[in-house]
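Novice: Below is a structure I'd like to ask you about.
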Amino acid sequence: MADFAYTARNAGGQKVEGVLSAGTQREAVTMLTGKQLFPIEVKAASKQAERAGSQRVRPQAMSQFYMQLAALLRSGVPLLRSLDVLGQQTTNPALAHVIDDLHNRVTDGQSLAEAMARHPKAFSELATSIVRAGGEGGFLEEALERVAKFTDQQAELKSRVAGALAYPIFLAVFSVGIVCVLVIFFVPKFEALFSRLRDRGELPLLTDWLLWLSNSINDYGLLIALAVVLLVLLLKARLATDAGRWFLDRWRLKIPQAGTIYRNLAVSRFCRVLGTLLNGGVPIVKALRISSDSAGNRVLSKAINDASENITSGESLSSPLKASGHFPPDVVEMIGVAEQSNTLETVLTNIADSLEKQTWRKLDLLVRLLEPVMLLVMASAVLVIVVALLLPMLKSAMAL
């Protein structure tokens, strides 16, 4: 299927423009004629228009769009009129273009979910699946509200994590900057003062090492920086491969303390997505396929995909998750009980809420411990430099 932009006139002689999907241009003309439209021009949609229609939109803007569309539909406003109103009132250019394209596609007979699927950067597969289930099941307004709530929760979680790590990252950058300034600009000024001690073999080892490091950076700093950049690029290229991603995802799960936090966040995201999909009426096998990608970790995704295959053969969800060893035992136990009591979608949402609260407390504690550690490391580095510069002076003073 391809997209065709058309210009046509309706029975009243008014000009109508839009985009429709068809196998060929001839098929597109036939579809327009069947809608009592008289084609003036039908051509393949430009790649530029397709790229513009797939611009990334901020989660906050998308959440507001979902809620406003749900509110309009609940008030009895038809879908096309609702999209027209939202497209006119939005101040986000990317979102306005997306809404306009949604309006054109729905006008051409596509469902809202089919139109959303044409904009993967604006609408996630999760949102599209829930809206499709809502449209087919007759609860589109509720589906949109669920997507809006989920989008808000994920955006808030990312914001909290980024906010918690901002200060430790600032301390790390500031510490490295101070040490570099001292080693590159301050230490070389003592080179001439300590040259006599070095010639007599009386220069302390710590001071000699510090002067060597300073001279090496000043003499070969550009080459060292170039080597570091090349190493980073090579590492990035390696991690971009399939084997590299698997290695990185396995390593993330094994980091002391931080690995537990990362795993809990991934499991929480998976449980929330799966619970939201099941609440939206999406079949469990398809819901597992979609939610497996939401974990953001290939090791966990493989365990979830294996679980979906077991469900296809009639087994439970909890057994393969437990066998993988990557899911917390209490989470697996709660999923097993929920399967038996037929409350899986509700329990999954509760698990996600509980895991997020536990993880946030652990992350908060880790960040609070990280701040004094960073300050201690910075103070220690500066102290080593100061001691290395003072040792020769103290040694000379004691000799006198």
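Derivation of every value follows stated rules applied to the coordinates shown; laboratory data play no part. Please read all numbers here as calculations on a predicted model, not as lab measurements. So basically every Cβ, Gly included, is an ideal-geometry build from the backbone, and we count neighbours across all protein chains shown.
Novice: Given only helices, namely DSSP H runs of n ≥ 4 each adding -39500 (n - 2.57), what is the per-residue ellipticity at 222 nm of the chain, to the nearest 500 deg cm²/dmol?
Specialist: Estimated from H runs of four or more residues: -25500 deg cm²/dmol.
Novice: Using a Förster distance of 51 angstrom, determine the FRET efficiency expected from the C-beta separation of residue 231 and residue 36, and round it to 0.05.
Specialist: Efficiency at R0 = 51 Å is approximately 0.20.
Novice: So what's the net charge close to residue 113: Lys and Arg +1, Asp and Glu -1, counting the other residues with Cβ under 15 Å from its Cβ?
Specialist: Once all neighbours under 15 Å are counted, the net charge is -2.
Novice: Please state the relative contact order of the range 2-45 as a whole percent: Cα pairs under 8 Å, 6+ residues apart?
Specialist: 51
Novice: Follow-up question, since we're still on this one. Roughly how far apart, in whole Å, are the Cα centres of the range 174-221 and the range 364-378?
Specialist: 28
Novice: Moving on to the next point. Looking at the chain from every direction and averaging, what is the projected area of its Cα convex hull in nm²?
Specialist: Computed as one quarter of the Cα hull surface, the answer is 28.6 nm².
Novice: Given the options 211, 231, 144, which has the most mean-square fluctuation in a GNM of the chain, springs set between C-alpha atoms less than 10 angstrom apart?
Specialist: The residue with the greatest mean-square fluctuation here is 231.
Novice: State whether the range 198-285 is rounded, prolate or oblate according to the following rule on the C-alpha gyration tensor (a ≥ b ≥ c being the square roots of its eigenvalues): a/c under 1.5 gives rounded; otherwise a/b larger than b/c gives prolate, and the remaining case gives oblate.
Specialist: Prolate.
Novice: For the range 1-150, list log₁₀ I(q)/I(0) at each q in 0.16, 0.18, 0.20 Å⁻¹, using the Debye formula over Cα point scatterers of equal strength and ignoring solvent, two decimals each.
Specialist: -0.88, -1.08, -1.27
Novice: Quick check: pseudo-label points 7 Å beyond the Cα along Cα→Cβ at residue 89 and residue 341, how many nm apart are they?
Specialist: 4.1
Novice: Please determine, in degrees from 0 to 90 and to the nearest 10, the orientation of helix 125-137 with respect to the longest principal axis defined by the Cα atoms of the chain, where the helix direction is its Cα long axis.
Specialist: Computed tilt is about 20 degrees.
Novice: Please tell me the relative contact order of the chain in percent, rounded to the nearest whole number, where contacts are Cα pairs under 8 Å and at least six residues apart.
Specialist: 14
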